[in-house]
Amino acid sequence: MDLILIVDLLGTTAFAISGALVAMKKRLDLFGIFIIAFVTAVGGGTLRDILLKAPITWMRDLNYLWVIGLAALMAILFRSKLGYVRRSLFLFDTIGIALYTVLGVQKGLAYEYPPIICVALGVMSASFGGVIRDLICNEIPLIFHKEIYATACLGGGLTYFLLLQTPLSDNWVLIVSGAVVFLIRLLAVIFHWSLPSVYRKFPNR
Amino acid sequence: MDLILIVDLLGTTAFAISGALVAMKKRLDLFGIFIIAFVTAVGGGTLRDILLKAPITWMRDLNYLWVIGLAALMAILFRSKLGYVRRSLFLFDTIGIALYTVLGVQKGLAYEYPPIICVALGVMSASFGGVIRDLICNEIPLIFHKEIYATACLGGGLTYFLLLQTPLSDNWVLIVSGAVVFLIRLLAVIFHWSLPSVYRKFPNR
Amino acid sequence: MDLILIVDLLGTTAFAISGALVAMKKRLDLFGIFIIAFVTAVGGGTLRDILLKAPITWMRDLNYLWVIGLAALMAILFRSKLGYVRRSLFLFDTIGIALYTVLGVQKGLAYEYPPIICVALGVMSASFGGVIRDLICNEIPLIFHKEIYATACLGGGLTYFLLLQTPLSDNWVLIVSGAVVFLIRLLAVIFHWSLPSVYRKFPNR
């Protein structure tokens, strides 16, 4: 089976769960949970496809809908066992952005856009679903918090283009770049990495 | 005259009024009111048309603009007579989602998408304008409140596909499915129906 | 060099700076600042191009990305010198909407849409980036504040169509209409102009 499709469905699952968790935290009703799961999962990819004028994947391939429905259902059923919700949310969110960044870069390349635009597409694919989720749920978007987030996506995107110069197979380029996004974000949180502050001299409000 | 066009313009009117009412509640200025009315009225249909890669109806048919302008003007002129604003808002919002759900399903079918995708398109057409309206006005989107809302859209969408199996004419399928959306939401509010809660065992924050 | 391209890049610069300033006010990290600058700068034009089904300019012409990056960098480096941030923000925001209104109108005309739709496209091009910026940063969108804002865009759009009837060259039509948007908004703020209130008789909440 196609590795890209598997990766895409994994990312969809991760985002759907992260959407369902935020929706449950906000105590939305059953359908609200499914809708937020759906929007979180397909939002970034839909924006990417609209910008690329590509066919929108979830509209022709029903696997996405089933996977999202199943993921949301699992999140609801095992909500008490997900325990440390914040930690799970972080984990699934990070897996999602890793996968979607790489997919976005790859799809941009397939449509022959310049590398830097592909990286921008990757970051957007990865972050837009989560931004919508947070806007709808009245949270400040997770992506703009202190943690290194876009930097992780950027790192993965650049890795992708570096590895394209090597004899590595496409699948390995995909896997390694995704892992780079995941690791940067994980390490950033564990070791409290942050970008150099720009606010030392900035007038305090 | 084409029933679909009439239904579309009716839904547009209902959404424009609901947008103008929320904008007035937030005390926006004259143009703010018109803009929110416009965004609420065309937002869902525009998303639907972008996803379908269909021509965007309000850009070629000026009837939509006139109808939205007139509806917003009426809402402004008769604001003191609209009296129980909350109740009117609810009524117009419900008419709007009933009409847009059915139109979304129908347009999806015309583009030969699978039934479940058509229902998803219907729900999006119906809810997206209102979600934008509420996001801009800093309200928690009405659609994610406790009331049965998406369920009503879903019920109408499913009714649509059931009725397609009967010898009913297309117009009647349209009317009955729209009425189902309207009735489910109306009865849900009157009798305080709600979806089964998923929060009994959920750790309280 | 093409005047339109210069105008477009100037508007992009103005919006990118306004985005970076709001992001710094919200104390986002380095990449958050760049992303908000980017979204503010390209949001309105992207919406316009999606609606027109036109190629999305920043995806094929890398000048936009460089200009946005440079503008954000300048805003960060000279943040302490920008001094009265609110005033600068207002200035850059107003330049941006003036330029984008005129560009939106012009592009709509090039795609042969009716004049009123072109004006609507101009207002959307001008305001959508700022609306996204404000939504993401949890501010009430600047466009819906008391100041005359959409009215300025509308005034510029109408001026554009009036001047098209005169023997003025296209470039002068562009410049004068943009100046009209800028002046209306500037004068409105200086002299505290506001639209006639619709709230005298409106039930207070």
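Apply the Karplus parameterisation 6.51 cos²θ - 1.76 cosθ + 1.60, with θ equal to phi minus 60°, to every residue of segment A:53-68 and state each ³J(HN,Hα) to the nearest whole Hz, in sequence, with x for glycine and proline.
Once θ is set to phi - 60°, the couplings for segment A:53-68 become 6, 9, x, 7, 4, 5, 7, 10, 10, 5, 3, 4, 4, 4, 4, 5 Hz.
Provide, in order from the shortest bin, the percent of all Cα-Cα pairs of the protein assembly as shown in each 10 Å bin, continuing until the bin that contains the maximum pair distance.
All Cα pairs considered, the percentages come to 3, 16, 27, 28, 19, 7, 1, 0.
Taking K and R as +1 and D and E as -1, what net charge do the other residues with C-beta under 14 Å from the C-beta of residue A:110 add up to?
That sum, taken over residues with Cβ under 14 Å, equals -2.
Put a label point 7 Å from Cα along the Cβ direction on residue A:171, then list its distances to the equivalent points in the other copies in nm, shortest first.
Taking the point 7 Å beyond Cα along Cα→Cβ, the inter-copy spacings are 5.9, 5.9 nm.
Fewest Cβ neighbours within 10 Å first, please rank B:97, A:132 accordingly.
So the ranking, lowest neighbour count to highest, is A:132, B:97.
For peptide A:20-33, what's the mean number of Cβ atoms from other chains within 10 Å of each residue's Cβ?
5
One decimal, nm, shortest first: give the distances between the label point of residue C:6 and those of the same position in the other copies, each label point 7 Å from Cα along Cα→Cβ.
For residue C:6, the other copies' label points sit at 5.6, 5.6 nm, shortest first.
Could you order peptides C:36-48, A:22-34 by the average number of other Cβ atoms within 10 Å of their residues, highest first?
So the peptides C:36-48, A:22-34, ranked by packing, come out C:36-48, A:22-34.
Mind checking the mean number of beta-carbon atoms from other chains within 10 Å of the Cβ atoms in C:150-162?
Shielding by partners across C:150-162 averages 1.
Under a crude label model (7 Å from the Cα following the beta-carbon direction), how far is residue C:54 from residue B:53 in nanometres?
Distance between the two pseudo-spin positions: 2.0 nm.
Using a 10 Å cut-off around each Cβ, can you sort B:6, A:148, C:4 from fewest to most neighbouring Cβ atoms?
Lowest to highest Cβ neighbour count: B:6, C:4, A:148.
What does the charge add up to near residue C:54, with Lys and Arg as +1, Asp and Glu as -1, over the other residues with Cβ less than 14 Å from its Cβ?
Summing Lys/Arg as +1 and Asp/Glu as -1 gives +2.
Please list, in order along segment A:90-99, the HN-Hα scalar couplings obtained from phi with the Karplus expression 6.51 cos²θ - 1.76 cosθ + 1.60 (θ = phi - 60°), rounded to whole Hz, x for Gly and Pro.
Values per residue, Gly and Pro as x: 4, 4, 5, 4, 5, 4, x, 5, 4, 5 Hz.
Towards the positive end of the charge dipole of segment C:3-141, with charges on Cβ (+1 Lys, Arg; -1 Asp, Glu), say which of C:98, C:73, C:115 has the farthest Cα.
The one lying farthest along the dipole's positive direction is C:73.
Please give the charge dipole size of the protein assembly as shown, origin at the Cα centre, charges +1 on K and R Cβ atoms and -1 on D and E Cβ atoms. Round to the nearest 20 debye.
With Lys and Arg at +1 and Asp and Glu at -1, about 2500 debye.
Which net charge results when you count Lys and Arg as +1 and Asp and Glu as -1 among the other residues whose beta-carbon is under 15 Å from that of residue A:7?
Details: positive: A:48, A:107; negative: A:2, A:8, A:61, A:170.
Charge balance near residue A:7 sits at -2.
Taking the Cβ of each residue in A:95, C:68 as the centre, tally the other Cβ atoms inside 10 Å and list the residues starting with the fewest.
A:95, C:68
With viscosity set to 0.890 mPa s and temperature to 25 °C, compute the Stokes-Einstein D of chain B, Rh being the Kirkwood radius across alpha carbon pairs; µm²/s, no decimals.
Numbers: Rh = 17.3 Å.
My calculation gives 142 µm²/s for D.
For the residue pair residue C:78 and residue B:81, what label-to-label distance in nm results when each label sits 7 Å from Cα along the Cα-to-beta-carbon direction?
5.7
If you count, for every residue in B:114-126, the Cβ atoms of partner chains within 10 Å of its Cβ, what is the mean?
Neighbouring Cβ atoms belonging to other protein chains average 2 per residue here.
Students often get this wrong, so check it: of A:26/C:81; A:53/B:107; B:26/C:25; B:53/C:25, which have C-alpha atoms separated by over 31 Å?
Distance filter (> 31 Å) returns A:26/C:81; B:53/C:25.
What are the nm distances, shortest first, from residue B:73 to its equivalents in the other copies, labels at 7 Å along Cα→Cβ?
5.2, 5.2
Taken together, the values in this text are just the output of simple stated rules run on the coordinates, not laboratory data. These numbers come from a predicted model, not from an experiment. Note: ideal-geometry Cβ built from the backbone for every residue, glycine included; neighbour counts use all protein chains shown.
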